[in-house]
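Here's the structure we're looking at; comments come further down.
The values are calculated or read from the model by the stated rules, or taken from the named source; none is laboratory data. All values derive from a computational prediction rather than experimental measurement. Reconstructed Cβ throughout: ideal geometry from the backbone, glycine too, with neighbour counts over all protein chains shown.
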Amino acid sequence: HKHNSALSRRRDVSKIYKCKVVVAVAPNRKLQNRVWVDFYRSIAEGDLGEFDKFLQLFQESKTKLTAEWLRDPRTGKTCLMKALLNLNDNTQEMVEKLISFAEASDSLEQLINAEYTDREYKGQTALHIAIERRCKTIVQLLVEKGADINAKAQGRFFKPKKLKHGFYFGELPLSLAACTNQPDIVTLLMASGRTDVRAQDAWGNCILHALVTVADDSEDNTTFVTEMYDMILMSSQDHNLEGICNLRGLNPLQLAAKLGKFKIFSHILCREFKDKKHLNLSRKITDWAYGPVSSSLYDITEVDTNHQNSVLEIVVHNTKIQNRHELLSVEPLNTLLEEKWLTFGAHMFTITCIVYVLYIIGFTTVYYNQAERYQALMTASSAVLCWARVEAHLLLLVPALALGWINILYFTRGFKSMGIYSVILQKVLLTDVLLFLFVYLLFLIGFSVALASLIDSCPNSLECSPYLTFNTVILELFKLTLGLGDLQIQQHAKYPQLFLLLLGVYVVLTFVLLLNMLIALMSETVEDTAKESKNIWKLQRARMILNLERSLPKCLRRRFQLGTILKNSQGHSRRYIRLVAGGGGCWGGGRQNIQSVHFTAYLSSALRHLKDAIRRYIKC
């Protein structure tokens, strides 16, 4: 009975709307809102009967579906968008009727290309929604009717910085279809002839940049992202999509390195197409294979340091990603670093290490055995002060000597067995020790203030307390923390019992609790770092290799440049490096032709090459 009465009321309301709209073209804003609400409700519920009545109403009143009062006043949403956002069994038929109605009323283009106007979803069109809802038939219909295939959704929900509360896909419908794993719709859009494959969003990212951004290294995600990446690359090989750089100057490969996307990064570097049609898209070309042994050429054009924003420099110097050592294990990065180390890195490291050690020994000897003050002129930092016979030069001399010897730890990076110690020391000092010192200083200052206020400066107007100053109390408490102090400080306290109680609490909190917590945290840090000791050492050595290469003059850098320039099938010059591998996969498996060489071998050969290096430098 209630259902029948509701239907009757709807019919009555529909009649009222019809009379009002037909006679006065709905001049009443309140009446327009009622029409709009009930019309959108019929769309959301899939009520074809009421939906058809409203279309008849609009037809008789010559009302267009793009009329301002028929759109959501807050977001600019149209009835077509409403139908796509509320999928039901009748959505397909409703969409077709809406498009036919708009086509008959000469408002088709305005309807299908209408955009959201609010800040959250600004720029989103019906085509975006249909793609996101995976409605291939409706997408095809919209494309055939002239929908804007290159419309950009630029609302806050679609921005990269809002990834925690949104979804970034590159703004374009084609990128949305690719990032949501819809190859059929991607093929449909690319086959339309109106899609700009090289289109870029507000950040300069193209469709390949968007795919790299949505990659998350999970198994399912990696499968669809890599397949979609290759499909788009092969479908548009004449457009050189991998050569497009965004506003930060990064192409898709460099962006994968910047974001630390290991799976897609390794896939791009090791990508190989066997068919001749797409051979020029390969970054790895197998030259020959015999059993488990194969020889391959790897494209290092954007990888080596001679290229701006090189992949190698991005991986080595990008401290924002935690898996840099994994990225460095991918070929050809691993081989490239080993070749650089064998070509010039080991010899430069040996020479630099010997020169620095000799310098610091001479520096120390001169100042330890100085007979005259003017000998301090050998150091530029304290020359003026020493010549003026000012004792303040010691403020520069003392830390210079200490830090000079400590800096020798830098050269432990050349030794696999010793390089990890400097890394562990750095991590412990910058994490555990800093946190400990912060908490300890709070306790030290707090208890020092409290205890200093309890000390009687001059009891009985006789001898004054030696612990009168705040600095003295801090020093005594610090000695207690290390177990070097005594309890004589409490002899001059106004309330000895309270004073001893505070001292006891301080000792328990610092000496017993904080120090043991520090030891436990340092042990955990050392244990965690030791598990990745080999990878950390490789990363530290890689940074050292790039620093040494940067110090070379340009002529020597060109001379030591690795790889060979070859032309691909399209006649483009690319730089390749050869790698012979036996067994295993594209990375992490098999024994490479680059063998590690112990540092003692470098030491014996460094002096032999020193003369040749100096001659090259003078020549260039």
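Quick one: is residue 149 outside any loop (DSSP other than H, G, I, E, B) and aliphatic (A, V, I, L, M)?
So residue 149 does not fit the description; no.
From (1) under 14 Å from residue 83 (Cα atoms); (2) within 28 Å of the chain's Cα centre (by Cα), pick out the condition that doesn't hold for residue 129.
Just one mismatch for residue 129, condition (2).
Give me the residue from the stretch 417-465 that is of a type in the set (D, E, K, R) and part of a helix (DSSP H, G or I) and, out of that set, modelled with the highest pLDDT.
Going through the qualifying residues, I end up with 432.
What do you reckon, is residue 247 without any contact (Cβ under 8 Å) to a residue 60 or more places away in the chain, surrounded by fewer than 19 Cβ atoms within 10 Å (Cβ to Cβ) and within 20 Å of the chain's Cα centre (by Cα)?
In short, yes.
Residues of the stretch 287-318 being in a strand (DSSP E or B) and out of contact with any Gly (no Cβ under 7 Å at 6 or more places or on another chain), which ones?
Within the stretch 287-318, 287, 288, 289, 290, 294, 295, 296, 297, 298, 299 qualify.
Surrounded by 14 or more Cβ atoms within 10 Å (Cβ to Cβ), modelled with pLDDT of 90 or more and of a type in the set (Ser, Thr, Tyr): is that true of residue 42 in this structure?
It is true that residue 42 is surrounded by 14 or more Cβ atoms within 10 Å (Cβ to Cβ), modelled with pLDDT of 90 or more and of a type in the set (Ser, Thr, Tyr).
Looking at the stretch 528-576, which of the residues that are surrounded by 15 or more Cβ atoms within 10 Å (Cβ to Cβ) and β-branched (Val, Ile, Thr) is farthest from residue 313 (Cα to Cα)?
This residue is 529.
Please specify each residue of the stretch 121-137 satisfying the condition of being in a helix (DSSP H, G or I) and of a type in the set (S, T, N, Q).
Across the stretch 121-137, the qualifying residue is only 137.
Would a scan of the stretch 567-588 turn up a residue that is at pLDDT 85 or above and small (Gly, Ala, Ser)?
Taking every residue of the stretch 567-588 in turn, none turns out to be at pLDDT 85 or above and small (Gly, Ala, Ser).
Restricting attention to the stretch 179-188, does a residue exist that is assigned to a loop (DSSP other than H, G, I, E, B), over 19 Å from residue 168 (Cα atoms) and either of a type in the set (S, T, N, Q) or free of Cβ contacts under 8 Å to residues at least 24 places away in the same chain (or both)?
No, every residue in the stretch 179-188 fails to be assigned to a loop (DSSP other than H, G, I, E, B), over 19 Å from residue 168 (Cα atoms) and either of a type in the set (S, T, N, Q) or free of Cβ contacts under 8 Å to residues at least 24 places away in the same chain (or both).
Listed here are the residues, each with its yes/no results for (1) buried (at least 18 other Cβ atoms within 10 Å of the Cβ); (2) of a type in the set (Lys, Arg).
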| residue | (1), (2) |
| --- | --- |
| 324 | yes, yes |
| 335 | yes, no |
| 344 | yes, no |
| 350 | yes, no |
| 357 | no, no |
| 364 | no, no |
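Scan 268, 300 and give me the residue that is under 24 Å from residue 576 (Cβ atoms), without any contact (Cβ under 8 Å) to a residue 60 or more places away in the chain and in contact with a Lys or Arg (Cβ under 9 Å, 6 or more places away or on another chain).
Of the residues listed, the single one that is under 24 Å from residue 576 (Cβ atoms), without any contact (Cβ under 8 Å) to a residue 60 or more places away in the chain and in contact with a Lys or Arg (Cβ under 9 Å, 6 or more places away or on another chain) is 268.
Here's the yes/no breakdown for (1) touching a residue at least 12 places away in the same chain (Cβ under 8 Å); (2) buried (at least 21 other Cβ atoms within 10 Å of the Cβ); (3) in contact with a helix residue (DSSP H, G or I) (Cβ under 7 Å, 6 or more places away or on another chain):
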residue: 139; (1), (2), (3): yes, yes, yes
residue: 157; (1), (2), (3): yes, no, no
residue: 166; (1), (2), (3): no, no, yes
residue: 173; (1), (2), (3): yes, yes, yes
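Which of the residues belonging to the stretch 219-245 are of a type in the set (S, T, N, Q) and more than 15 Å from residue 180 (Cα to Cα)?
235, 236, 237, 240
Go through the stretch 152-161 and report how many residues are farther than 17 Å from residue 113 by Cβ and part of a loop (DSSP other than H, G, I, E, B).
Selection size over the stretch 152-161: 1.
Might you check whether a residue that is among the small types (Gly, Ala, Ser) and under 23 Å from the mean Cα position of the chain (by Cα) occurs anywhere in the stretch 266-280?
There is at least one residue in the stretch 266-280 that is among the small types (Gly, Ala, Ser) and under 23 Å from the mean Cα position of the chain (by Cα).
For residue 110, are the conditions met, namely being assigned to a helix (DSSP H, G or I), of a type in the set (S, T, N, Q) and either at pLDDT below 90 or farther than 26 Å from residue 202 by Cβ (or both)?
no
Within the stretch 229-246, is there a residue that is touching a Phe, Trp or Tyr at 6+ places or on another chain (Cβ under 9 Å), part of a loop (DSSP other than H, G, I, E, B) and modelled with pLDDT of 90 or more?
Looking through the stretch 229-246, at least one residue is touching a Phe, Trp or Tyr at 6+ places or on another chain (Cβ under 9 Å), part of a loop (DSSP other than H, G, I, E, B) and modelled with pLDDT of 90 or more.
Against the condition at pLDDT below 90, assigned to a helix (DSSP H, G or I) and in contact with a Leu (Cβ under 9 Å, 6 or more places away or on another chain), how does residue 209 come out, does it pass?
no
Report, by residue number, each residue of the stretch 517-553 that is at pLDDT below 85, acidic (Asp, Glu) and in a helix (DSSP H, G or I).
Of everything in the stretch 517-553, those that are at pLDDT below 85, acidic (Asp, Glu) and in a helix (DSSP H, G or I) turn out to be 527, 528.
List the number of the failed condition for residue 140; all other conditions in (1) of a type outside the set (Phe, Trp, Tyr); (2) farther than 27 Å from residue 65 by Cα; (3) in a helix (DSSP H, G or I); (4) over 25 Å from the mean Cα position of the chain (by Cα) hold.
The single condition residue 140 does not satisfy is (2).
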